[in-house]
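I have placed the structure first, in the form of C-alpha cells, so that the comments after it can refer back to it.
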Amino acid sequence: MVINLDHTTAQRIVDRTMQVIGHSVNVMTPDGVIIASGDPLRVGEVHQGARHVALRGESLSVDAANAERFPGVRHGVNVPITVGHQVVAVVGISGEPAKVLPFADLVKVTAELMLEQTALLEIGQHRRRQIEDTLLAMINGRTVPQSWLDRIDVDLVQPRLALIIEPAQLPGADDFVISLMRQLELSDKSLLLAQVAPQRLLVLAPVKPSGATGGRSIAEQALLRLQRSLSATTYMSVVLAAGQYIEGSLQGCYESALATMTNGRRESPQSRLHYYSDNPVTVLWESLHPGWQQQELLRPLQALQAHPRHLVYVRTLQGFLDANGDVQKCATALHLHRNTIRYRLKSIEQLTGLSPFRLPELLHLYLALSSDSLPSDF
C-alpha cells in the first residue's frame, strides 16, 4: 500500500487529534519536515527528533535531559506512524513528556487509521480511473490490450445492458453526475460506470443471459436494479435511457443507449424513461448520424410542406402510423370518417410520390417524419 502524505491529510490528523487531547500536534515526513502543525509558523521547519524516530522506528521523548541533542526541538513525545510495516510519518505532541505520553497511543492509532483510509480511497479512485479508461476505449471502438482487462479484473463476458443517465435539468449538473457515480459505486459493486460527458453517466448493468436477447422487459429489470441503488430523490431527478443488448459489443450497447436518449429527449421531453425497444427504427436512424441520406429522405416532403394544409396532412399521416396502418382505427382516433382519412392519404401520395398504402414507401414517410431535420412547424 503506497502512502502519499500530503498537507491536507496531515492537517486533518492535526485538527482531529488536537480536538481530543488539547495539546499542539505536529505531523512530519520521515525526513523530518513539518508539513502540518497546531502552530502554523512551524510548517516547513526541519524537526531533528522526527528524523531520529523515522530512522529507528521507535518513539522519542524530548525533555530537559536530552534537548541539547535535538536543536530547535521542543519538549514533547514523537511517535512513528507505520502503515504496511513502513514508517510513513512522525507525529509529535508538544508538552512535558510525563503529561502528553498517555496520549501517544491514541494519536498514533488515529493517525494510522486516517492514513490507511486515505490510501484505500486513493486505490479505489485509481481503479475507478482504470475501469473508466478501459470502458471509454471500448465504447469508442479502440482495441484494448489484454493487460488493461487483466488489471481491472472485470468479467466482460457477463452480458450487460447499457443505460444512460442524465440530470433532468442539464445546465450546471456536472457535480451532480459525479455524486451520482459515487452513490452507485457504493450501492452496487456489479455496475460498471463511466462518465462519458460532463452531464452524462454510462452504466453497464449485468443481465441474465436468458434475457439478454433484448426487449423492454430486460431493460425494465436493469432500470429497477438501478432504482434500488439510488435514493428516491435522486431517481426522480434523472432521465434514463436503456439501449439494446448486442452480444459481444459494448460499443453497440452504448451507442444504442445514447441514440435512445437523444431521440427520447427530443420526441418525449416530459418522459423520464426511454427504451430502445419502444421505437427501434427511429433510434436506429438516429444512431446513423446521417448527412446527405437525411436530405434525400426529406426531399419528397418538400411539396407537402409547401401545401396550405400541410399540418392537417402531417397529423393525419402521424395518426395513420400510430394506428399501425389501420384506416378505421386512425379515423376513430382523429374523430373523422374513414373516407376522409383515405382522401387525405391519397393527397399525401399525390404530393410526395410516396403511397402510405405501400409498406416500403410508408417506411420512407415514417423515417422522414422522425427526422430531427424537419422544420419546427412541420
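The values are calculated or read from the model by the stated rules, or taken from the named source; none is laboratory data. Keep in mind it's a predicted model, so treat the numbers as computed, not measured. All Cβ positions, glycine included, derive from the backbone under ideal geometry; neighbour counts span all protein chains shown. Please note that ligands, DNA and RNA were not included when accessible areas were found on the heavy atoms of the full protein model with its side chains. Shrake-Rupley method; radii C 1.70, N 1.55, O 1.52, S 1.80 Å.
If you go through the range 352-372 and pick out every residue that is open to solvent by less than 60 Å² (accessible area, probe 1.4 Å) and either assigned to a loop (DSSP other than H, G, I, E, B) or modelled with pLDDT of 95 or more (or both), you end up with 5. Within the range 138-156, being part of a loop (DSSP other than H, G, I, E, B), open to solvent by 40 Å² or more (accessible area, probe 1.4 Å) and at pLDDT 75 or above holds for 140, 141, 142, 143, 145.
Have a look at 298, 311, 345, 304 and point out the one that is modelled with pLDDT of 95 or more and either more than 13 Å from residue 368 (Cβ to Cβ) or of a type outside the set (D, E, K, R) (or both). Result: 345 is the single residue among 298, 311, 345, 304 that is modelled with pLDDT of 95 or more and either more than 13 Å from residue 368 (Cβ to Cβ) or of a type outside the set (D, E, K, R) (or both).
Can you confirm whether residue 134 is surrounded by fewer than 20 Cβ atoms within 10 Å (Cβ to Cβ), in contact with a helix residue (DSSP H, G or I) (Cβ under 6 Å, 6 or more places away or on another chain) and assigned to a helix (DSSP H, G or I)? The answer is no for residue 134. Residues considered: 84, 72. Of these, the only one that is open to solvent by 30 Å² or more (accessible area, probe 1.4 Å), closer than 15 Å to residue 108 by Cα and modelled with pLDDT under 90 is 84.
Residues in the range 14-27 that are touching a residue at least 24 places away in the same chain (Cβ under 8 Å), within 39 Å of the chain's Cα centre (by Cα) and either closer than 14 Å to residue 76 by Cα or surrounded by fewer than 20 Cβ atoms within 10 Å (Cβ to Cβ) (or both): 16, 20, 26, 27. Just one of (1) at pLDDT 85 or above; (2) of a type in the set (D, E, K, R); (3) open to solvent by 70 Å² or more (accessible area, probe 1.4 Å) fails for residue 127. It is (1).
Of all the numbered requirements in (1) surrounded by 19 or more Cβ atoms within 10 Å (Cβ to Cβ); (2) touching a strand residue (DSSP E or B) at 6+ places or on another chain (Cβ under 6 Å), residue 11 misses one, and that requirement is (1). Among residues of the range 57-68 that are in contact (Cβ under 8 Å) with a residue 40 or more places away in the chain, those with a Cβ under 8 angstrom from a residue that is in a helix (DSSP H, G or I), sequence gap 6+ or separate chain, pair up as 59/53; 59/104; 61/97; 61/101. Test residue 192 against the stated conditions and say whether it is modelled with pLDDT of 90 or more and surrounded by 13 or more Cβ atoms within 10 Å (Cβ to Cβ). Criteria not met by residue 192.
Screening 328, 318 for residues that are within 21 Å of residue 265 (Cβ to Cβ), open to solvent by 50 Å² or more (accessible area, probe 1.4 Å) and at pLDDT 90 or above leaves exactly one candidate, 318. Against the criterion of being closer than 13 Å to residue 222 by Cβ and in contact with a Gly (Cβ under 7 Å, 6 or more places away or on another chain), residue 257 qualifies. Residues of the range 106-153 that are in contact (Cβ under 8 Å) with a residue 12 or more places away in the chain and acidic (Asp, Glu): 112, 116, 122, 132, 133.
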